[in-house]
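Trainee: The structure that follows is given in the form of structure tokens.
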Amino acid sequence: MKRIFIGEIGKDADVKDFFLVAKKAIYSARNGAKYASIRLKDRTGSIEAKIWDRVDEMCACFERNDIVYIESKARSYQGGLQLHVTGIRKEPRVLSAMEIREFYPETPSGIESLKDSYFRITGGLGEEHLARLFGELARRPEILERFFLFPASVGVHHMSIGGLLEHSVAVAQMGRHAAPFAGGDPDIIVAGALLHDIGKTDEITFRDGGFSYSDQGRLLGHITLGVLMADSLIAAVDEFPQYLSDVLKHIIISHHGETDWGSPKKPMCVEALVVHYIDNLDAKAMGVREHMEGAMEDEKWTQFHKLYESRFYKTPER
């Protein structure tokens, strides 16, 4: 879809391409003339852009969070670059998951590397029914594509493209390492870790240029959606043991740990306990690290984190 990214734009370049509108505002100059200031972004960064002519006409066709196609010229301004926009239109199509990744930063871990880890983990499952379960999931690209590309949350943790995959793989890897110490069946822990947030592929959607909650997501939540998805996958595997079905769905249902956090059941087997505590650890640690990236009060302390109800200290690098 895209041909040029913000990180590649040079002075005096003719820029004709698609961008996400991160900010839109209309102002009046000293002579009374209107102009629009917009901030455009893609996966490589953001850039300020100005509309000087036909302001009302052009601004009427798009809003913040829209994907737009612009025609512009890059100019030097106050030591940086600014786009002077001469044409703009909203992209009317619903973007595919692959196209969405052009406009948001990808997890530093890299989606391709994480996919290799995912297939290595699922390929190493010794329990035949669980191995066949993930084989069935591999035959459902409409689920797996979103699982590989979506963030793990809207505004809490693992918010980059590939965040859901990164989080799920991390919980699975840590869970397998924890099993010799904590106990429990390592294959069930790994399978439960990879499936615990699978419902987010239906809970989260890409709408109006941003990630938000789908109608299903708001009405049912990712725990309910995850159980429904697990049921569908299990039904496709012949002679899938009932106890294994129950435990996997229990891990999904209980992974938040408490009713106040959205789980209708507390963890009631060792495997569910392991997934719950590691899920909580990975989500909170990443949430704090992401908070540190954009909300530092000074060199040592972050601003107050409303969800975690604390400031956080950034340990000096050695």
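Trainee: So what does the Cα-only Debye profile of segment 158-265 read at q = 0.17 Å⁻¹, as log10 I(q)/I(0), no solvent term?
Mentor: Calculated log10 I(q)/I(0) at the listed q: -0.87.
Trainee: What distance in nm separates the two pseudo spin-label positions at ALA33 and TYR313, each 7 Å out from Cα along the beta-carbon direction?
Mentor: 5.6 nm
Trainee: Follow-up question, since we're still on this one. Bin by bin, in steps of 10 Å, what percent of the Cα pairs in segment 97-294 do you find, going until the bin that has the longest distance?
Mentor: The calculated distribution, bin by bin, is 9, 38, 39, 12, 1.
Trainee: Another one. Can you compute the charge dipole magnitude of segment 80-187 about its Cα centre, using +1 on each Lys and Arg Cβ and -1 on each Asp and Glu Cβ, nothing else charged? Give it in debye, rounded to the nearest 20.
Mentor: 360 debye
Trainee: As a footprinting exposure proxy, order GLU293, GLU317 by other Cβ within 10 Å, with the fewest listed first.
Mentor: GLU317, GLU293
Trainee: Give me the lysines in straight-line cross-link reach of LYS11: C-alpha distance below 28 Å, same-chain residues under 8 apart excluded.
Mentor: Correct list for LYS11: LYS2, LYS23, LYS24, LYS34, LYS41, LYS50, LYS73, LYS90.
Trainee: Taking θ = phi - 60°, what integer Hz values does the Karplus form 6.51 cos²θ - 1.76 cosθ + 1.60 yield along segment 81-90, in sequence order, with x for Gly and Pro?
Mentor: Result, ordered by residue: 10, 9, 8, 9, 8, 10, x, 7, 8, 7 Hz.
Trainee: Same structure, new question: Which value results when the Cα radius of gyration for segment 15-100 is divided by 2.2 N^0.38 Å?
Mentor: 1.08
Trainee: How far is the Cα center of segment 132-203 from the Cα center of segment 237-312, in Å?
Mentor: Here the answer is 12 Å between Cα centres.
FYI, it's all coordinate maths here, none of it is from the lab. Since the model is a prediction, treat every value here as computed from it, not as a measurement. All Cβ positions, even for glycine, are placed from backbone atoms using ideal geometry, and neighbour counts span all protein chains on display.
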